[in-house]
Amino acid sequence: MSRFNMTFSEGTHQVLTSLTQRLDVSMADVIRDALSIFCWFARERSAGSRLLIQRGTEITELIIPSLERLRPADASGPTAASAGGPKPPAFQLDRK
């Protein structure tokens, strides 16, 4: 196992601390889980998949700018509009 030190802004540290308390896990566990999810998102985006969040009947496309460079050039992916429905609104992550 490798050891890795990181420096977080105060806001990011507060978010991380809040998650560890809410989930009753260590900071390392939160970071490991987040990295696992991000790797899964990267694999899916490389395959041309889109990331969608559904809340009830509302569907929002999640756009992570750093993952967009992994999208295959010829695979914009099917949209809800091409399937006869409206295109889901996009939500772009803010890195602040």
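Assorted remarks:
- When residues of region 48-70 are limited to those that are within 15 Å of residue 38 (Cβ to Cβ) and of a type in the set (Gly, Ala, Ser), the one farthest from the chain's Cα centre (by Cα): 49
- Every residue from region 28-62 that is closer than 28 Å to residue 5 by Cα, of a type in the set (A, V, I, L, M) and exposed (fewer than 14 other Cβ atoms within 10 Å of the Cβ): 28, 34, 35, 37
- Taking first residues from region 1-18 that are free of Cβ contacts under 8 Å to residues at least 40 places away in the same chain and surrounded by 12 or more Cβ atoms within 10 Å (Cβ to Cβ) and partners that are of a type in the set (Val, Ile, Thr) and part of a helix (DSSP H, G or I), the Cβ contacts under 9 Å between residues at least 6 apart in sequence or on separate chains come to 8/15; 16/30; 16/31.
All of the numbers you see were taken from the coordinates with simple rules; none came from a lab. Remember, predicted model here, so these are calculated numbers, not experimental data. Note that each Cβ is placed from the backbone with ideal geometry, even for glycine, and that neighbours are counted across all protein chains shown.
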